Amino acid sequence: MARWFLKRSALFSTMITVMSLVTLSQGDAGDEGTSVRPLRREKRGWVWNQFFVLEEYAEDKPLYVGKLHSDLDKGDGSVKYILSGEGAGTTFTLDDSTGDIHAVQRLDREMKEHYVLRAQATHRHTGRALEPESRFIVKIQDINDNEPKFLDGPYQATVPEMSPVGTSVIRVTATDADDPSYGNSARVVYSVVKGQPYFSVDRHTGEVRVSLPDMDREVKGQYEVVIQAKDMAGQLGGLAGTTTVNVTLSDVNDNPPHFTQKLYQMSIPESAPIGSVVGHIEAQDHDLGINAEMRYRVIDGDGRDAFDISADSTNMYGVITVKQRLDFETKRSYTLKVEAANTHIDKRFSANGPFSDITTVQLSIEDVDEPPQFSSTLYYAEVREDAEIGTVLITISARDPDAANDSIRYMIDRVSDPDQYFSVGVSSAMETNNPLKTASVSVAIRVLDINDNPPSITHHHEAFLCDDARAGQLVQSIRAIDADEPIGGQRFRYTLPPEAQNNPNFTLTDNHDNSARVLTRRSGWVSPSVYHLPITVSDGGEPVQSSTHTLTIRVCECDADGDVSSCRNAEPHTLPANLSTAALTTMLTCGSIVLVMLVLLLFLSSGTKKPFPSDEEENVRENIVHYDDEGGGEEDTAAFDITKLWKTHTEPLSYAELVLHGSKRRHVDGKDVKPNSVKLRQEKQPEIQSLSCYVSQTDANTSGTNANGRNVYGYMLAKLCQVDLDSEAPPYDSLQTYAYEGEGSVAESLSSLQSNDDNELDYDYLDEWGPRFRTLAELYGTSASTV
């Protein structure tokens, strides 16, 4: 057994007894079985517990913490102690010979509560571990070095006024950083430093409560309460912290309204319109917000029908307004009894009521110089449209409503009657003593209609009739209009005039609904032809008005569906009854002018000649374009020389020389052509010459194809000569030759069907045309024939 003494200080020591442990080890297994080592005790002198050190050590010399000692240490200095872990070498130092541990820095438990260290004893000279490494803890003991703190302060709280004692206001909390498990350093109690006797605080919970009844907001609405928190359970020497609680008393409706005046006097002119504001009254209330809102009403007085009162937008003031028109001459003063009452009443304080008040309002009406007044707001009169000038329609009257009752003068507002049809329309009354005072009234005058306009047929004055129409067929429906407006409505009557009563072609049927129908009396109509049917229409007024109109009926050719297809050159069978000589003359004159204009346009259009074609157009027409040339493609540019097709002779011959050669007469299409009488066409050589212009006469005689005994070449020249003799023919050739080839051609024959010479079948040049013609060269070349 070994003994260790761990000294913390002179006042504290701990003895640790090190017990020897007996270990059991098992040997290696073999053929002969398992050998078991006997149990034996081993001594260990390295068992550690804890060191305790007070925080906030303030002396200059290092603080002794404890001592490390092993029973193997004989005091000869051969044992060396080693310290490692948290704070080793910085916060804690170790004497490696004696094992003394000291704290060289100030310790704060609130920063770190304990330190974990490791200790080991080794041989100083060999470094061999005499004891295995072991861990121990240095724990910092707390002292009361932190005062309580209110982390959420200062506080704001609200409580209704007139709250009973014990009403909770707010709860405050203080926090102490000291160790709550060690002593009373973190045990906090609360007390009121400022704010008594209005408020109190619970000693342990920190809840602030009302401690004085009937606190009135109107007397004092703000309170400042200071709360203290003290540790050490409030004992002497404890640390303390404070905070402030600002308490506001909220308003309740505990005060009734009251008028500052028991009598209000106001005045208003009699001319004030309805809705005009007379004045304001106010009932004061010491409460706030909705607790001070008022409702005003008239509860009595002779002015209840003439005036009204209501609260303004803030519900604080009463606004008196005019309810009906005022008249100084009728009543000059009014009295109102007005009540003001709270709209939100708290029943808890009904004993403080009643929450209303009453006042009296006297209103005086002021006299003003008023304009005249008519006996009616609107006048109505009727007059016939044939009434004579000066006819009396209606009598209007006005008076001066003032006590002076001045005389009235009337005049007309000409804006409503600019044409001055009436001597009165919208009349104005004006006082003779004060012309600025005027009044107006509307007079509605209805003009009664009389039958003074004849009816007339609407729109349809012309109708069309098919030539295959039968008897009784409808030609046209007719309606009439009338500018008059009879009371019972229009009643039109349709008839034929006496001269048309026995009309053999058409008849008129009155439908008795203000319309009529024109019907055919026969069939067998001739197209084109025109008929004129006079029709008389009369109204049912008094006196009767009538008018005669002519309906023009045109007989036309129609298709199978009955639609008009032709109505030209129609001759009228009868002249219209209402068509004058002057009208006919005008119509004929207009027709003649139109005809002359048409003839002139035709003459101008026939004299216009087509313009000569430009050189570009002619050149385009004589270009020879080939699209079927064979060769080696884009890379082969020398396979075929197409210029041979337009290679020229030394002396080109014109068409006129070929046709008119010599002085002989020629016959072209039966015409006798003289050599010197031919007017040649203007020749113009194209930029690319046509092959036909350079064919020799010899070739023309020996080549070509006979058709009906005539040479094709000669036939073409004859046709060209015929065109040349026509002076109105277009000035360019229309004969184009695009494929003239053969024995007589400069290009000779392009065909290989008649070739029998082996020399002509030499295709060795195909080898020079490139890879695209390699297959042809192999088929037709010399090498191919040899093979």
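The values are calculated or read from the model by the stated rules, or taken from the named source; none is laboratory data. These numbers were taken from a predicted model, which means no experiment stands behind them. Positions of Cβ are backbone-derived with ideal geometry, glycine not excepted, and every protein chain shown enters the neighbour counts.
Assorted remarks:
- Cross-chain or 6+ apart pairs with Cβ under 6 Å, the stretch 257-274 first and over 30 Å from Asn291 (Cβ atoms) and in the same structural domain as Phe355 (by TED's automatic domain parsing), then among the aromatic types (Phe, Trp, Tyr) and surrounded by 17 or more Cβ atoms within 10 Å (Cβ to Cβ): Glu270/Phe328
- Inside the stretch 525-569, residues that are modelled with pLDDT under 85 and over 21 Å from Leu465 (Cα atoms) make up a count of 3.
- If only residues of the stretch 80-118 that are more than 25 Å from Ile143 (Cα to Cα) and touching a Ser or Thr at 6+ places or on another chain (Cβ under 6 Å) are counted, the one that is surrounded by the fewest Cβ atoms within 10 Å (Cβ to Cβ) is Arg118.
- Here is the figure for the stretch 144-176: residues that are within 30 Å of Arg348 (Cα to Cα) and not hydrophobic (A, V, I, L, M, F, W, C) total 11.
- Pairs are defined by a Cβ separation below 6 Å, a sequence spacing of at least 6 or placement on different chains, a first member in the stretch 42-60 that is farther than 11 Å from Ala103 by Cα and charged (D, E, K, R), and a second member that is at pLDDT below 75 and assigned to a strand (DSSP E or B); the pairs so defined are Glu42/Leu21; Lys43/Ala2; Arg44/Val18.
- Qualifying residue in the stretch 491-501 (condition: basic (Lys, Arg), over 58 Å from the mean Cα position of the chain (by Cα) and at negative phi): yes
- Verdict on His512 being on the phi > 0 side of the Ramachandran plot and out of contact with any Asp or Glu (no Cβ under 6 Å at 6 or more places or on another chain): yes
- Subset of the stretch 348-371 [surrounded by 15 or more Cβ atoms within 10 Å (Cβ to Cβ), modelled with pLDDT of 85 or more and in a loop (DSSP other than H, G, I, E, B)]: Phe355
- One residue stands out in the stretch 49-79 among those that are hydrophobic (A, V, I, L, M, F, W, C) and under 18 Å from Asp142 (Cα atoms): the one that is surrounded by the most Cβ atoms within 10 Å (Cβ to Cβ), namely Phe51.
- Residue that is modelled with the lowest pLDDT [pool: residues in the stretch 169-205 that are closer than 18 Å to Asp108 by Cα and either among the acidic types (Asp, Glu) or in contact with a Ser or Thr (Cβ under 6 Å, 6 or more places away or on another chain) (or both)]: Asp179
- Considering the stretch 429-515, the qualifying strands (runs of 3 or more DSSP E), each wholly inside and each with 2 or more residues that are within 14 Å of Thr548 (Cα to Cα) and touching a strand residue (DSSP E or B) at 6+ places or on another chain (Cβ under 7 Å), run over 474-481, 493-495.
- The residue of the stretch 413-443 that is nearest to Arg554 (Cα to Cα), among those that are exposed (fewer than 12 other Cβ atoms within 10 Å of the Cβ) and either assigned by TED's automatic domain parsing to the domain that holds Val530 or at pLDDT 80 or above (or both), is Pro418.
- The set of residues from the stretch 204-226 being over 17 Å from Ser250 (Cα atoms) and of a type in the set (Asp, Glu) comprises just one member, Glu207.
- Residue in the stretch 508-520 that is surrounded by fewer than 17 Cβ atoms within 10 Å (Cβ to Cβ), closer than 22 Å to Asn451 by Cα and under 60 Å from the mean Cα position of the chain (by Cα) present: yes
- Candidates are the residues of the stretch 121-155 that are closer than 30 Å to Ala174 by Cα and of a type in the set (Phe, Trp, Tyr); the one that is surrounded by the fewest Cβ atoms within 10 Å (Cβ to Cβ) is Tyr155.
- The strands (runs of 3 or more DSSP E) located wholly in the stretch 91-161 that include 3 or more residues which are in contact (Cβ under 8 Å) with a residue 60 or more places away in the chain occupy 134-141, 155-160.
- The residues of the stretch 170-194 that are in contact with a strand residue (DSSP E or B) (Cβ under 6 Å, 6 or more places away or on another chain) and either under 21 Å from Thr248 (Cα atoms) or assigned to a loop (DSSP other than H, G, I, E, B) (or both), listed by number, are Ile170, Arg171, Val172, Ala174, Val188, Ser191, Val192, Val193, Lys194.
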